[in-house]
1. Starting from the 7 Å offset along Cα-to-Cβ, what nm value, one decimal, do you get for the label separation of A:GLN106 and A:GLU41?
2. Decide, for chain B, between rounded, prolate and oblate: order the square roots of the alpha carbon gyration tensor eigenvalues as a ≥ b ≥ c, take rounded if a/c falls under 1.5, and otherwise choose prolate if a/b is larger than b/c, else oblate.
3. Apply the Kirkwood formula to chain A: the hydrodynamic radius equals the inverse of the mean of 1/r over all pairs of different alpha-carbon atoms; give it in Å with one decimal.
4. Between the alpha-carbon centers of segment B:1-69 and segment A:34-111, tell me the distance in whole angstrom.
5. Among B:SER18, B:SER87, B:SER31, whose mean-square fluctuation peaks in a Gaussian network model of chain B (Cα, cutoff 10 Å)?
6. How large is the charge dipole for the protein assembly as shown, taken about the Cα centre, if only the Cβ atoms of Lys, Arg (+1) and Asp, Glu (-1) carry charge, to the nearest 20 debye?
7. Which far-off residues, 5 or more places away or on another chain, put their amide H under 5 Å from the one on A:GLU17, with H placed in the peptide plane?
8. If I model a spin label as a point 7 Å beyond the Cα along the Cα-Cβ vector, how far apart are those points for A:SER27 and A:ASN75 in nm?
Amino acid sequence: GQQLNQSPQSMFIQEGEDVSMNCTSSSIFNTWLWYKQDPGEGPVLLIALYKAGELTSNGRLTAQFGITRKDSFLNISASIPSDVGIYFCAGRETSGSRLTFGEGTQLTVNP
Amino acid sequence: NAGVTQTPKFQVLKTGQSMTLQCAQDMNHNSMYWYRQDPGMGLRLIYYSASEGTTDKGEVPNGYNVSRLNKREFSLRLESAAPSQTSVYFCASRPLHSGRLVTDTQYFGPGTRLTVL
């Protein structure tokens, strides 16, 4: 099935730094979603994107739906310790009905 | 609203035992999903139910069965558990619409951590 390449796999940063992560696919997507998973919890939706070029913010988080419709980016500005967790991208192909998830980016923030 | 609830939170089984994971949502969502999460592999779809009365296989259905009991409840059954089914299982639900738009957003439960010895 369709695979999403999410990078980086892990990041270790200092509090206050900005963070960028991205997902790429080999096929065109209609939807990109970004989720965060805290330890021992289920994923929680951060941002949903439905249009190519769309740029959406949620507090210190900003995500973009790539113009080619084959990628998406998530940026976190001025990171804080509670940003620690696993960030997942998910997308739906133009011809598909189900979401495909990336493998996740494990974020560690050192105070 | 409780959102999506899952029981049990933890379970240990012996190889060959059977069990049913329960999931319920109180958001009146049409679609429900079962995923498994393994280290370094993201979330993989086991089965889903697009609407009450229908179920379909996902990416990794072997060894599992599901029942969409009603609009609220979607259960996952392991008939004969195997060590390869040790994983964290997540249930999710999705509304048909959000406002006037068809939405792909799925809402997840807290997960069931299953160990098969």
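1. That separation, rounded to one decimal, is 1.9 nm.
2. Numbers: a/c = 1.89, a/b = 1.83, b/c = 1.03.
The shape class here is prolate.
3. Working: mean 1/r = 0.0719 Å⁻¹.
This gives a value of 13.9 Å.
4. After rounding, the separation between the Cα centres reads 23 Å.
5. Result for chain B, Cα springs under 10 Å: B:SER18 fluctuates most.
6. On the way: 19 positive and 18 negative charges, 126 e Å.
Dipole about the Cα centre, nearest 20: 600 debye.
7. Under 5 Å from the amide H of A:GLU17 lie the amide H atoms of A:SER79, each far enough along the sequence or on another chain.
8. Taking the simple label geometry, A:SER27 and A:ASN75 are separated by 3.1 nm.
Each value in this text was obtained by applying a stated rule to the coordinates, not by laboratory testing. The shown structure was predicted, so the numbers you read here are calculated from the model rather than taken from an experiment. Here Cβ is always computed from backbone atoms with ideal geometry, including for glycine, and neighbour counts include all displayed protein chains.
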